[in-house]
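Single-structure report; data block below.
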Amino acid sequence: MNNLVQTQTRLAQSAIATDSAHGAVIAPLYLSSNYAWDDPKNKPSYDYSRSGNPTRDQLEAALCGLEAAAKGVITSSGMAAVDLALSLARPDDLVLAPHDCYGGSHRLLSARSERGHFKLEFVDQSDETALRKAFARKPKLILIETPSNPLLRITDIELCVRLAKKFGTLTIVDNTFLSPALQQPLKLGADMVVHSTTKFINGHSDVVGGALLARDPAIGDELAWWANCTGITGAPFDSFMTLRGVRTLFLRTEQQQESAATLIHEFKQDSRIRRIFYPALKTHPGHEIAARQQTGFGSMFSVEFSSSVDVLQLLRETRIFTVAESLGGFESLICVPAIMTHASMSAEAQKSAGISKTLVRFSIGLEHPKDLIADIKQALDKAVSGSI
C-alpha cells in the first residue's frame, strides 16, 4: 500500500510548480514548433518540436515514473507506438504476436509482414506448449497483450520473460487494458511497455495518443531516434491534455473496476448470458496468473450472449451505455468486436481468436452501477432472437 500511495503522490506532483518564468503551479503548454538558438554553434535543449517538446517530455516523465521506465516516447496514437516498437525488427527477424490481439494491431502486424518488414507468427500465448514451440524459433520480438482484447486471455509475463532471455528476444507488453495502476510489466522483467494513452491513461475520451516506454535507456534512445526520424511523436496540446487526465488515473481505476465487479455479480447467473470473460472470476482461464501479476482486475469485460439475444438490438436499446469503439474513458461503452473493433480481421482470424458475432465488449465508466445494471436489464428484455 505504501508503494501505491507513493506512486499516486508522485503522479499528482508531476510537473507541478516547475515554471521558472512566472511561477505557475500548473506547467504551461509549449505550442512552439521551433526554439531560438543563442549561438549557431550551440544547439539548445529544444530546437524543433518533432524532436523534443517540454510539454511532451513532462508527460513522458510522468508515465516513466508510473511504469518504472528509464526512457519513453510519446506518440500520436497507440498504433503509432506499436509501429515504433516494430521498427526494432529487421526483414529476417521473427515477431511473435497474440492470435487474439486488438484488431488494429493484427492489421498492422499482418500488413508489415506482408511487405517483408519482418516474419510473423500469431500464437495463443496463454498456451504454454504453443508459446515454447514458438520461442524455439528464436524470435527478435514478442508482443504480449494481457489481458487480451476482447477475450481477456491472460499471458504469464514472467514466463515469457524467462523464455525471451533464453533466446535473446525483446519483450513488449501492451498494458492498455489495465494501465500502470493495475499492472507494471517492466517490474516483471519486460523490456518495453506500450499504451494507447487514448484509453485509461487519459480517461476522458478527448485525446488520441500513445506511449512506448523502455526499461533500458539504450533501447529508449533508439526508439526516440526512430520516432524523430519518422515524425510520429505526439502533439504538445495532446500531451498537455493527457497529463491532465492521468492525474486522476488511480481514482478512476478504483471506481471503475468496483462497478465492473458489481455488474458481473449481478449478471453472472442470467440465463441469457452464456459466458462472461473477466479474469477476476475463478473460472476464468489464467485467473491465478492474473491475480499474481496484476494488482486488480480492471473494468473491461466481455459477454457471450445466448442465441436468444439479438446483440445488435441489445446495443440499439441501451440508454446509458454508448455504442462506440475505444475504452477506458469516464463514460461506459458497449461494442460488438466482430463488426467494430476487430472488423479488419478476416472471418478465419476471428474464428481462430474465438471472437464470435454474439460477443459483446463492455467498458465500464463512472456512472452509478445501479443505473448501468438497470440499463442492461431493460435492453436485454427488449432484445429479440436473431443473428447478425
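May I ask you to evaluate 6.51 cos²θ - 1.76 cosθ + 1.60, the Karplus curve with θ = phi - 60°, for each residue of the stretch 107-123 and list the ³J(HN,Hα) values in order in whole Hz, giving x for glycine and proline?
Computed from phi, the couplings for the stretch 107-123 are 5, 5, 4, 5, 5, 4, 5, 5, 7, x, 6, 6, 8, 9, 9, 8, 10 Hz.
Calculate one ³J(HN,Hα) per residue across the stretch 189-194 by plugging θ = phi - 60° into the Karplus curve 6.51 cos²θ - 1.76 cosθ + 1.60, and present them in order as whole Hz with x for glycine and proline.
x, 5, 7, 9, 10, 10
Taking every DSSP beta bridge that has both residues in the chain, what percent is antiparallel when rounded to the nearest 5?
Antiparallel bridges: around 60 percent, rounded to the nearest 5.
Grab the alpha carbons of the stretch 37-121, take their convex hull, and tell me the volume per residue in Å³.
With only Cα atoms used, the stretch 37-121 gives 149 Å³ per residue.
Farthest toward the dipole's positive end in the stretch 249-382, which of THR322, SER352, PHE267, given Cβ charges of +1 (Lys, Arg) and -1 (Asp, Glu) about the Cα centre?
Final value for the positive-end residue is SER352.
Sorted from largest to smallest, which semi-axis lengths in Å does the alpha carbon gyration tensor of the stretch 215-369 give for its equivalent ellipsoid, taking the root of 5 times each eigenvalue?
After diagonalising the Cα gyration tensor, the semi-axes are 31, 20, 18 Å.
So if R0 is 51 Å, what FRET efficiency would SER51 and LEU366 give, r being the distance between their Cβ atoms, rounded to the nearest 0.05?
Approximately 0.85, to the nearest 0.05.
Which lysines, if any, have their Cα less than 18 Å from the Cα of LYS166, not counting same-chain residues under 8 positions apart?
Within the straight-line cut-off, LYS166 pairs with LYS133, LYS138, LYS140.
By average Cβ neighbour count within 10 Å, what is the ranking of 292-304, 139-151, 260-272 from highest down?
Descending mean neighbour count gives 139-151, 292-304, 260-272.
Give the lysines reachable from LYS282 as a straight Cα distance under 18 Å; neighbours fewer than 8 places away on the same chain don't count.
LYS268
Once you place label points 7 Å from the Cα toward the Cβ at GLU266 and LYS282, how far apart are they in nm?
Once both label points are built, they end up 2.4 nm from each other.
Can you list the HN-Hα couplings for the stretch 55-71, worked out from phi with the Karplus curve (6.51, -1.76, 1.60; θ = phi - 60°), rounded to whole Hz and with x for Gly and Pro?
The phi angles translate into 5, 5, 5, 5, 5, 4, 4, 5, 6, 4, x, 5, 9, 6, 9, 7, 7 Hz.
Choose one of PRO236, PRO139, ALA181: the residue whose Cα lies farthest towards the positive end of the charge dipole of the chain (beta-carbon charges +1 Lys, Arg; -1 Asp, Glu; about the Cα centre).
Most positive-ward Cα: PRO139.
Semi-axes of the equivalent ellipsoid for the chain, please: Cα gyration tensor eigenvalues, times 5, square-rooted, ordered largest first, whole Å.
With the √(5λ) rule applied to the chain, the semi-axes are 35, 26, 19 Å.
Coordinate-derived values only; no laboratory data. The shown structure was predicted, so the numbers you read here are calculated from the model rather than taken from an experiment. No Cβ is skipped: glycine too gets one built from the backbone with ideal geometry, and neighbour counts run over all protein chains shown.
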